[in-house]
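Here is the structure we will look at.
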Amino acid sequence: MGGEQATLERRSRRLFRGGLLAVVALHVTLALYFVPPSVVFSKKPIYDIDYALHWYHVERALESWRGAHKLWSYDPHVLAGHAAGALEDVSFKAVELWVIALRAVNVHPAVAFNLFALLVHLLVPLLAYLVGHLFRLERRQRLVLVVLWSMLWYFDSFVHWVWFCGMISWALASQLGIVALGLLYRSLEEKTKKRYIIGLALVTSFLALHHPFIALSIAAPALAIYIRDARRLGLRRHAALVGCLALSVLATMVWLPTAMKFAHYMLKEDSFLRPTIDYFLYDLFDLTRSPDQTGPTTRTMWRVLVLAAGSVCLWRWWRAGRTAASAAAAAEARDRRTLLFFALGASTLLLAYTGSVLYVTRVTQPYRHIVPMALGMAVPAAVLLGDLLRPTQLRGLSRPAKLLLVFAVLMVLPRFVRNVLLFMPSIEISKRDTDQMRSRHSRLRLAGYFDSPTYEMRQRKPPKYAYRLRRWLNRHVGQSGRVVVEDYMLGEFLAATSKIPVLGGLKQRSFHHGDAHLFRVDPGGVLPGKQLESYLERYAVRYVVMTKLYKQLEWRKDMLKFRKAFDRGRTRVYETRIKPDYFKRGKGRIISQTLNRIDGEVFAGDDGKLPASVELRFHWMGTLRCLPACRIERVPDNDDRVGFIRVVPARPRFTIYNGYDLSKRP
Amino acid sequence: MTAPKPSNSKATRLAIFFVIYGLHVAVVFHAIRPSVIESPLNYEGVDYQTHLEQTKTIAYLLERYGHLWGYDPNLLAGQPAGLIFDVDNKLHFLFSYGIHRLTGARLIVAFKLFPLISSLLAPLILLLAARMLRLDWRQSLCAFGLCVFIWLSDHATRFMWGVGMISFATASYLSVLAAALFFRYLTEPSIRRLAATALTLAIALNAHVWAFAILVVPLIGTYVWHWRKCEDKTPHIGVWAIALVALGANLYWLAPALRFFKLVAPSGIVGQTGPWYLLTDYLEVLINAFNTFFSSPHTLGRFGALFAAFLTLRSMRREDDPRWRLGALAIGWSLFLAFFIALIPGLREMEPYRFVVPATLFAAVLAAPWLCSVATRELYAGLSPAVRALLIFLLLLVVPRVAGHIFYAVPELIPYPSSTATLHALPRVPGLQSPQQVMATDLSQTTHSLRPVPEIAMKLARYIDRLPEEGRIVVQHWALGELLRHTTNKSILGGFPDRRLKHEAAHLFRRPQDPRLNSATELAHYLVRYNARYLVMTDFHAVIEFQRRLFEFKHKIGPHRIYRVRHRGNYFMRGNGNVRALINRIEVRDAVAHKDTQQLVLRFHYLRTMRCRPRCRIFRVGIPFDDVGFIGVEGTPTLPRTFILENGY
């Protein structure tokens, strides 16, 4: 009997290893499909959606680190000057440090940047396995958990969107958030073992540096189990947990003090990922109500499965304690993971679908919490599904029951296949000859009449025309004025990889400097009559680069003249009919503008004298200083909430630089 | 499978019936609204334009000439109406004309009533078919519900009755009933069943000629099998009587169509589905909209029915139930037609994909026994909690597919998203306000209901009708061509592109690769050859619209651009005169024969039944790109100044 048991155990172990190997191989294959090595090692940064913005952050961080050992700077090239790295990229500091570190060992920054994305993909099965281990899952359950994480990673529309669109740091934070909960759970369960508390300290401090919003996702479950076990914990364990917290707070010092100093520039605005409670139903039925709120396409099959199976598992665990004689006995009989996963599932769902009610949660883009919810609920789901899928469960079935099960699987299968094909259109057999029809019928699209318009959701390099455009602009712009760039990614690309002064990039910049962004001022760039001229003059605009067709802007022949087309006319460059001038008051020229520094020259007036002061069309910032023997003052402007720079007194030659003095409000 | 099940009480059965049918009626009335039926405008669906044009022409021919076919000189430079192309419109015509004559209702209203009546009848007919196949009430009601679901949400079925292929949809469910009745008659012969089978078959063939294709193999197969197994009991005379009645009831259109069979031209374009579409349809993946009816596939009901019907037939076969053969033949044959005949030259013209509809409806009826056999408390009670949970999870994952199909049937059920506030709702920079109302979408595009022809198209029709000059109108968009034909007095070169008639050679936009579309010289010849006077373009076509040497821009109505053709030709290829063309009749005045040949050639398609009077006769004159040729006229002995060409039948 014992021998038979051992044989069975050996076979089970072999099966588990084989299964795990197969799942990991599939995951890695998919990772290499979605983040192709040809892109990763191309020395060109990933270009898709927010990656372009993040590459700009990384570039600026690299440069300011090189010059001043800081992660923030005054960037005169973007939005007429703004504080790069102070507010916008608090969720990207870890990646910036990663690139800086790899750069120090001679890895190309773009390769380092791309490697981070690939690494996050490759970590998924590893972290899933670790989570399974931390939550004491059996072998079969661990295997199911790795499968669930992998499937969620690639084929849940929102999880896929998160890593595809560049929210890669959130994608990693969501995984590590569950790891942190596992470490906390084990720290509370096994009070004598130090490795869990050490691991917890490391992971939470990394998360505090990496993506602070994950605290919202894991706060409720962490607090719930801590409070439950508080009485049982000794003083040392309490102290250790407080130490973890302190370390995490310490880690935020990398970005928090600077961000606080610049916080007054922030706007109470939010654009994305803040659905209302009715979206829960839309999500359940795979309906895309608003791409801005839940990603461009809704495919929630795996999410619904883990949520349903996870909920049933939690209910089972909870019910196990229901028959106990006393509350204490019930708590004892109940699985100790119940509270943690219930709190995690409930709080993240609540945040995701009702977080838009409160400003404080709305600005965090609450729908993002769907990712830790799905990954977290996959744990109890794996427990249940691991149980249900035992061969012994299926062997004893009657023939009609087996047929019924097969029938149900056949009915579900198309949904899964379509999920896969949606994200991998290059293997799709569809000729996609109906794109036009699809885009025309929005509600019919919503009803599934046509698939949502989609594109290859795998990472790409910047397009070739972007380099041609950059070359052309480099030749023509110089210090003659700025370039308005309509396309978000193109704007960020130009800003990150050239010295061209750009008014563009992310439109939804929630700080005052966004006033310099034409398409933020009006989504179609429609500034009637003199307003357009006034805008172009205010920001010294020389060229306007259009990709989307905004007829009302492009037909302003009084203000724009066509200069050149790129990408077979899909991107068009117009030259403005004004004479752009960086000097708002006084006469002079900008000799050069680089990160943290503007060099200029002031011309004498007709009387041969220099004016008392000059005003520049660069955004003011409190940390800017002026040489030689001059000072910087703020010039308020009715149409720009930041205001511009006044140099007092005017010098024939002057240099404005970032003094990094944050003692006063910058 | 055939084990007796506890039967529901009559009241319960009735309640279930009325609930299901009530839902069906509600959705059908939502889709085909009485207000649209009453309006003087046709449905917008493209095929409805063709069928109304045919109905109006045949009604005219019947009243004026007493025939159901004739020669229409004002479409495609003259084409036979009611002969080959509209053998799929007979029942629809008879219904419309009958209602029109009997009740005095306008022909167009009667025409538009047909899809409503057909849709309302569909599940009832299929319920009757289920009963004829000896399904008990529980199974029959299950089949009934499944048929309702499929009729409303399967994209192919829905497309058919939405776009105007209503006759084939009608023939499909009538074929199921005919097959069921035939089976019942073979196994339990009676005069009543004989009459019912013959009548149903005759009506099905009247509804659409391809009812023959649907039924030929299942009926003959069942008959032959029955003959072999139960030789003594086979009612041969009855079977042949059924065939003769069905044939006899359709001879009125079949005989003339066969007489002109040589005019048939190969022109299969849409619905060309190969075997791989079976898989992609199952997976609901769109490969080519032209082949699978211009929609991403919605096939949950179809494949649910097919899988369940397969299991039913498997069970029946084990029990040696003779219904399995009929079922297997009917479903298998229709699926073969749908997914294999596109590979067979000469059969592509049948638009193979259409046959998924009868396959699905057959399957829906036969799926019910298996579905009912697994939807029992006993089976559920016998499952372990784990398997129950698995089943529930799987069902949960199917729910969005079901919901997707319901939303597909009635998109209005989805609350329309409020405008998504992104930048538009953000506070602007003071002093730079330029409020811009962001219209979310065109709400008119958000329904599956049959809508009337848009006003812009009618405005175009009124404009075209008022154009003073003689000559033909080339129309790019085919449904618009049909609409202009039946709403104006103009002669149209356009309309349905694959009419299976050689006469479609006069259609410039029939095939994108047509050399006349891609060569300025050929295009110029085409315009003169067919005496084209105006051109109506809807979708931008650079090769055509940049030919300013050939066209001058005249007017724009909505998306339609009207160009005037520059050439100064007329309706005479040789000779000269004045022409007035009416259905079945071309009047020529002031005719002057060509001085060399003393003949006159009209730019109208030749038809051998046309006769010339007085003292003249016609002959065929060959022309490039067109096998039909034009009508040549010569005098006997000299050409009269005035003569009439009329269909002599």
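The values are calculated or read from the model by the stated rules, or taken from the named source; none is laboratory data. As the structure is a computational prediction, the values presented were derived from the model and not from experiment. Cβ: placed from backbone, ideal geometry, glycine included. Neighbour counts: every protein chain shown. Quick note on the areas: whole protein, heavy atoms, side chains included, nothing else; ligands and nucleic acids left out. Shrake-Rupley method; radii C 1.70, N 1.55, O 1.52, S 1.80 Å.
Picking from residues in the stretch B:369-393 that are part of a helix (DSSP H, G or I), open to solvent by 30 Å² or more (accessible area, probe 1.4 Å) and aliphatic (A, V, I, L, M), the one that is nearest to B:Leu311 (Cα to Cα) is B:Leu371. Is it the case, given these coordinates, that B:Ser334 is more than 10 Å from every other protein chain (Cβ to nearest Cβ), of a type in the set (S, T, N, Q) and within 27 Å of B:Glu351 (Cα to Cα)? Judged against the criteria, B:Ser334 is a match. Checking each residue in the stretch A:649-666 for being under 21 Å from A:Arg538 (Cβ atoms) and either surrounded by fewer than 15 Cβ atoms within 10 Å (Cβ to Cβ) or more than 35 Å from the chain's Cα centre (by Cα) (or both) picks out only A:Ala650. Tell me, please, whether a residue that is assigned to a loop (DSSP other than H, G, I, E, B), assigned by TED's automatic domain parsing to the domain that holds B:Ala308, open to solvent by 10 Å² or more (accessible area, probe 1.4 Å) and of a type in the set (A, V, I, L, M, F, W, C) can be found in the stretch B:342-356. Checking the stretch B:342-356: at least one residue is assigned to a loop (DSSP other than H, G, I, E, B), assigned by TED's automatic domain parsing to the domain that holds B:Ala308, open to solvent by 10 Å² or more (accessible area, probe 1.4 Å) and of a type in the set (A, V, I, L, M, F, W, C). Restricting attention to the stretch B:466-495, the residues that are open to solvent by less than 20 Å² (accessible area, probe 1.4 Å) and either within 21 Å of the chain's Cα centre (by Cα) or not charged (D, E, K, R) (or both) add up to 17.
Tell me whether the stretch A:277-288 contains one or more residues that are out of contact with any helix residue (DSSP H, G or I) (no Cβ under 9 Å at 6 or more places or on another chain), assigned to a helix (DSSP H, G or I), within 11 Å of another protein chain (Cβ to nearest Cβ) and farther than 30 Å from A:Leu662 by Cα. Checked the stretch A:277-288: at least one residue is out of contact with any helix residue (DSSP H, G or I) (no Cβ under 9 Å at 6 or more places or on another chain), assigned to a helix (DSSP H, G or I), within 11 Å of another protein chain (Cβ to nearest Cβ) and farther than 30 Å from A:Leu662 by Cα.
Among residues that are small (Gly, Ala, Ser), closer than 30 Å to B:Arg510 by Cα and assigned to a loop (DSSP other than H, G, I, E, B), B:Ala77 is included. Of the residues making up the stretch B:168-184, not a single one is without any contact (Cβ under 8 Å) to a residue 60 or more places away in the chain, out of contact with any helix residue (DSSP H, G or I) (no Cβ under 9 Å at 6 or more places or on another chain) and among the aliphatic types (A, V, I, L, M). The residue that is surrounded by the most Cβ atoms within 10 Å (Cβ to Cβ), among those in the stretch B:261-293 that are part of a loop (DSSP other than H, G, I, E, B) and of a type in the set (A, V, I, L, M), is B:Leu286. B:Ala375 satisfies every condition listed in (1) modelled with pLDDT under 90; (2) more than 17 Å from B:Leu146 (Cβ to Cβ) except (2). Taken residue by residue, the stretch B:208-222 has no member that is open to solvent by 20 Å² or more (accessible area, probe 1.4 Å), part of a helix (DSSP H, G or I), in the same structural domain as B:Phe336 (by TED's automatic domain parsing) and over 16 Å from B:Leu326 (Cα atoms). Applying the criterion of being in a loop (DSSP other than H, G, I, E, B) and open to solvent by less than 10 Å² (accessible area, probe 1.4 Å) to the residues of the stretch A:499-523, the residue that is farthest from the other protein chains (Cβ to nearest Cβ) is A:Ile500. Among the candidates B:Arg318, B:Arg314, B:Arg323, single out the residue that is basic (Lys, Arg), more than 24 Å from B:Leu152 (Cα to Cα) and open to solvent by less than 60 Å² (accessible area, probe 1.4 Å). On inspection, the qualifying residue turns out to be B:Arg323. From the list A:Leu126, A:Leu143, the lone residue that is aliphatic (A, V, I, L, M), without any contact (Cβ under 8 Å) to a residue 40 or more places away in the chain and either out of contact with any Asp or Glu (no Cβ under 9 Å at 6 or more places or on another chain) or open to solvent by 10 Å² or more (accessible area, probe 1.4 Å) (or both) is A:Leu126. Would the stretch A:87-109 turn up any residue that is surrounded by 22 or more Cβ atoms within 10 Å (Cβ to Cβ) and touching a strand residue (DSSP E or B) at 6+ places or on another chain (Cβ under 9 Å)? Yes, there is a match, as at least one residue in the stretch A:87-109 is surrounded by 22 or more Cβ atoms within 10 Å (Cβ to Cβ) and touching a strand residue (DSSP E or B) at 6+ places or on another chain (Cβ under 9 Å). Kindly indicate whether A:Leu273 is part of a helix (DSSP H, G or I) and within 14 Å of chain B (Cβ to nearest Cβ). So A:Leu273 fails the test. Within the stretch A:379-407, no residue that is facing another protein chain (nearest Cβ under 7 Å) and surrounded by fewer than 24 Cβ atoms within 10 Å (Cβ to Cβ) sits with its Cβ atom under 6 Å from a residue that is among the charged types (D, E, K, R) and part of a helix (DSSP H, G or I) at 6+ positions apart or across chains.
Take B:Leu258 and tell me if it is in contact (Cβ under 8 Å) with a residue 40 or more places away in the chain and assigned to a helix (DSSP H, G or I). Against the criterion (in contact (Cβ under 8 Å) with a residue 40 or more places away in the chain and assigned to a helix (DSSP H, G or I)), B:Leu258 does not qualify. The residues in the stretch B:394-404 that are crowded, with 17+ Cβ neighbours inside 10 Å and either more than 7 Å from chain A (Cβ to nearest Cβ) or farther than 24 Å from B:Gly301 by Cα (or both) can be counted, and the count is 1.
You will find that of A:Gly569, A:Gly588, the residue that is touching a residue at least 12 places away in the same chain (Cβ under 8 Å) and among the small types (Gly, Ala, Ser) is A:Gly588 and no other. Exactly one residue among A:Ala25, A:Ala94, A:Ala110 is more than 28 Å from A:Gly481 (Cβ to Cβ) and free of Cβ contacts under 8 Å to residues at least 12 places away in the same chain, and that residue is A:Ala25. Restricting the stretch A:353-372 to residues that are more than 14 Å from chain B (Cβ to nearest Cβ), assigned to a helix (DSSP H, G or I) and under 17 Å from the mean Cα position of the chain (by Cα) leaves a set whose member that is surrounded by the fewest Cβ atoms within 10 Å (Cβ to Cβ) is A:Thr361. In the set A:Phe562, A:Phe583, which member is more than 10 Å from chain B (Cβ to nearest Cβ), more than 32 Å from the chain's Cα centre (by Cα) and open to solvent by 10 Å² or more (accessible area, probe 1.4 Å)? Among A:Phe562, A:Phe583, only A:Phe562 is more than 10 Å from chain B (Cβ to nearest Cβ), more than 32 Å from the chain's Cα centre (by Cα) and open to solvent by 10 Å² or more (accessible area, probe 1.4 Å). Put simply, of A:Leu339, A:Leu350 the only residue that is surrounded by fewer than 20 Cβ atoms within 10 Å (Cβ to Cβ), assigned to a helix (DSSP H, G or I) and either within 14 Å of chain B (Cβ to nearest Cβ) or not hydroxyl-bearing (Ser, Thr, Tyr) (or both) is A:Leu350.
Would you be able to say whether some residue in the stretch A:635-643 is touching a strand residue (DSSP E or B) at 6+ places or on another chain (Cβ under 9 Å) and crowded, with 22+ Cβ neighbours inside 10 Å? Checking the stretch A:635-643: at least one residue is touching a strand residue (DSSP E or B) at 6+ places or on another chain (Cβ under 9 Å) and crowded, with 22+ Cβ neighbours inside 10 Å.
If I ask for residues that are open to solvent by 30 Å² or more (accessible area, probe 1.4 Å) and of a type in the set (A, V, I, L, M), which ones from the stretch B:178-204 would you list?
B:Ile191, B:Leu194, B:Ala195, B:Ala196, B:Leu199, B:Ile203
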